[in-house]
Amino acid sequence: MNDLIESAWQLLEKSIISYQGRPVGTLAACNSEDTGLNYDQCFTRDFAVSAIAFLLRGQTDIVRNFLCTTLELQSCQKQMDCFTPGQGLMPASFKITCDEGEEGLGADFGERAIARVAPVDSGFWWLLILRAYVKASDDLDLARKPEFQKGIKLILDLCLTARFAMLPTLLVPDGSFTIDRRMGVYGHPLDVQTLFYLALRSAKELLAPEDDYIEVVNLRLGHLTYHLRTYYWLDFARLNEIYHYKVEQFGKDANNKFNIYPDTIPDWLSTWIPDTGGYLAGNLGPARIDFRWFAQGNLMAILGSLASEEQAQGIMNLIEQRSSDLLGQMPLKMCFPALKGRDWQVLTGSDAKNIPWSYHNSGSWPFLLWELAGAAIKTGHEELAQRAVEIAIQRLPQQDWPEYYDGQEGRLVGKEARKFQTWTIAGFLAAQELLENPQKVEIVCFAEDTGVKACST
Ligand code: GLC
């Protein structure tokens, strides 16, 4: 086991890229035989996993350098031009360029990415990495530097300004986060809302205590907590309630506020949802609950204490009881169940990469192991995470650390999976470090926010 961990660390080190002589990030994948697309870039969301692994091991420099480098890339000009990244946006990825021997940085804000999606999550991950860095290194001075305070506020401006919305959640296009292709995850996807919440919690800790932004952040945190805990939560009792919903209710007292038609409850749900336990739904909008399970949103909601303590226990209980679906032969399913048939055609745009039980459409992604480990430690379910790591370790190194796995049980190496995918390696290492040193979980988690009042208006 020790040799295996050591060789995984060596692989992670191999993915490091340097700029002006300093390590500043990690490549998305490191397979010399396979050099297509943009896997030779450093992705902000992928680096978050590397950052956590490095921080848990006490390697703080590379994380600091990453934060300074990406801060320089943040889009800073106020834009009215639709083709230029909006002010405050953090890049989805960047690479080191070389022009006549001169090193430079090339950032991608989604303008070159497949399907041209702008990354809503990059700024959120950046804030989370900064907060984890400060926790691990005690270097609050970095976050308090004027340029960092400005960067934090630009991210907040970008997501707190009034738009075409009357909800505390963020309205986003399809594929604007980890799931960066069409998957019917437009609207108010849980994964984005959870990261938004965590980013606000991070910003609150990092801004100077007397800053005016704190009040606005607190207000939004209260509304977001209430909204997610109340309307996204699904368990057997709640399902019963939705099943009996009256529809077309007008006015403030409506109990079916979003006009959800009971007929939209999918067939699989009433047998799948256990008597005990529950989870946060994948999405909520007008006349729509997306009843699918999304791993990242649920696990990060536990880490951030966005889920109440009872809900956090409920989520872990559900994973336990449905482990053959959610952990299977390779933890963890990114979402469950797969979109099939007409749903797959309409919602993914007949995406051949996202066929049922593949890739984002219910494929299995081992990088999520660190989130499971963190959530398990926070809720006292370490044994579950230990089991997941043991399942993963049976195949990850032998199969060259694939990006993802396919099939209902996750037994097949993903059809188009890269090998030596950095966040697969880092996600495993971070999970391993966390399970060995559970007290270090404080780098990535938040206690219940007693300073805000969860309220609707
Ligand atoms: C894929 C994933 C995305 C990830 C990128 C690099 O595009 O969907 O979440 O950041 O690969 O690994």
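Across the stretch 162-218, what fraction of all alpha-carbon pairs, as a whole percent, falls in each successive 5 Å bin from zero upward?
4, 18, 22, 20, 17, 11, 6, 2, 0
Treating cross-link reach as a plain straight distance, find the lysines whose alpha-carbon is under 29 Å from the alpha-carbon of Lys333, omitting any fewer than eight places away in the same chain.
Here the lysines satisfying the reach criterion relative to Lys333 are Lys14, Lys353, Lys378, Lys415, Lys419, Lys440.
Kirkwood hydrodynamic radius of the stretch 196-304 from all distinct Cα pairs, in Å? Intermediate values should be presented prior to the final figure.
Working: mean 1/r = 0.0635 Å⁻¹.
Every distinct Cα pair counted, the radius reaches 15.8 Å.
Can you give me the Cα centroid spacing of the stretch 236-287 and the stretch 404-425 in angstrom?
Using only Cα atoms to place each centre, the spacing works out to 33 Å.
Under 15 Å Cα to Cα from Lys95, which aspartates and glutamates show up? Leave out anything in the same chain fewer than 8 places away.
Within the straight-line limit of under 15 Å, Lys95 reaches these aspartates and glutamates: Asp40, Asp46, Glu72, Glu103, Asp108, Glu111.
Two decimals is fine: what's Rg over Rh for the stretch 373-442, C-alpha atoms, Kirkwood radius as Rh?
On the way: Rg = 13.0 Å, Rh = 12.8 Å.
On the Cα set of the stretch 373-442, Rg over Rh gives 1.01.
Can you give the FRET efficiency for Glu448 and Cys82, using 1/(1 + (r/R0)^6), R0 = 41 Å, r = Cβ-Cβ distance, to the nearest 0.05? Intermediate values should be presented prior to the final figure.
Values: r = 41 Å, r/R0 = 0.99.
Calculated value: 0.50.
Near Lys378, within a Cβ-to-Cβ distance under 13 Å, what is the net charge of the other residues, with Lys and Arg +1 and Asp and Glu -1?
Net local charge, Lys378 excluded: -4.
Lysines near Lys453 by alpha-carbon distance under 17 Å, same-chain residues fewer than 8 away left out - which ones?
Lys204
Given the convex hull of the Cα atoms of the stretch 1-112, what is a quarter of its surface area in nm²? Before the final figure, lay out the partial values.
Numbers: hull surface 34.5 nm².
The orientation-averaged projected area of the Cα hull of the stretch 1-112 comes to 8.6 nm².
How large, in percent, is the carbon and sulfur part of the accessible surface of the stretch 4-98 at a probe radius of 1.4 Å?
Result for the stretch 4-98: 50 percent of the exposed heavy-atom area is carbon or sulfur.
Can you work out the base-10 log of I(q)/I(0) for the chain at q = 0.06 1/Å, using the Debye formula on its C-alpha atoms alone?
For the requested q values the scattering log ratios are -0.23.
Please tell me the relative contact order of the stretch 1-128 in percent, rounded to the nearest whole number, where contacts are Cα pairs under 8 Å and at least six residues apart.
On the way: 169 pairs, mean separation 24.6, N = 128.
Across the stretch 1-128, relative contact order equals 19 percent.
Quick check for you: with a 1.4 Å probe and neighbouring chains kept, what is the accessible area per residue of the stretch 37-111, in Å²? Write down the numbers at each step before the final one.
On the way: 3280 Å² over 75 residues.
Spelled out: the 1.4 Å probe surface of the stretch 37-111, per residue, equals 44 Å².
If I take every Cα pair under 8 Å that is 6 or more residues apart in the stretch 217-337, average their sequence separation and divide by the length, what percent do I get for the relative contact order?
Numbers: 143 pairs, mean separation 30.0, N = 121.
The normalised contact order for the stretch 217-337 reaches 25 percent.
For the stretch 80-132, rounded, prolate or oblate, judged on the Cα gyration tensor with a ≥ b ≥ c (square roots of eigenvalues), a/c < 1.5 rounded, else prolate if a/b > b/c?
Oblate.
Relative contact order for the chain using alpha-carbon pairs under 8 Å, separation at least 6, rounded to a whole percent? Provide the component values of the computation, followed by the final result.
On the way: 816 pairs, mean separation 73.1, N = 457.
Relative contact order here is 16 percent.
When only DSSP loop residues count, what GluC sites (Glu not before Pro) in the stretch 146-252 have their Cβ near at most 16 other Cβ atoms within 10 Å?
Qualifying residues, ordered by number: Glu210, Glu248.
Please compute the alpha carbon radius of gyration of the stretch 46-202, then divide it by the globular-protein estimate 2.2 N^0.38 Å. Two decimals is fine. The partial results should precede the final answer.
Working: Rg = 15.8 Å, N = 157, 2.2 N^0.38 = 15.0 Å.
Dividing the Cα Rg of the stretch 46-202 by 2.2 N^0.38 Å gives 1.05.
At most 16 other Cβ atoms within 10 Å and a DSSP loop assignment: could you name the trypsin sites (Lys or Arg not before Pro) in the stretch 153-218 that fit? Walk me through the intermediate numbers first.
On the way: sites: Lys153, Arg163, Arg181, Arg182, Arg201, Lys204; in loops: Arg163, Arg181, Arg182.
Here the trypsin sites (Lys or Arg not before Pro) that fit, given the DSSP loop and packing criteria, are Arg163.
Which chymotrypsin sites (Phe, Trp or Tyr not before Pro) does the stretch 1-103 hold that lie in a coil by DSSP with at most 11 other beta carbons within 10 Å? Display every interim value, and only then the final one.
Values: sites: Trp9, Tyr19, Tyr39, Phe43, Phe47, Phe54, Phe66, Phe83, Phe94; in loops: Tyr39, Phe83.
Listed in order of number, the matching sites are Phe83.
Show me the three semi-axes of the equivalent ellipsoid for the stretch 292-375, from the C-alpha gyration tensor (sqrt of 5 times each eigenvalue), largest first, rounded to whole Å.
Working: eigenvalues 126, 33, 25 Å².
Ellipsoid half-lengths, sorted descending, are 25, 13, 11 Å.
Helix-derived [θ] at 222 nm for the chain: sum -39500 (n - 2.57) over DSSP H runs of at least 4, divide by residue count, nearest 500?
Working: 17 runs with 195 residues, N = 457.
One gets -13000 deg cm²/dmol as the mean residue ellipticity at 222 nm.
The values are calculated or read from the model by the stated rules, or taken from the named source; none is laboratory data. Bear in mind the structure is a predicted one, so any value in this text is a computation, not a measurement. We place every Cβ from the backbone using ideal geometry, glycine too, and count neighbours over all the protein chains shown. In case anyone asks, the SASA skips ligands and DNA or RNA and just uses the protein heavy atoms, side chains included. Shrake-Rupley method; radii C 1.70, N 1.55, O 1.52, S 1.80 Å.
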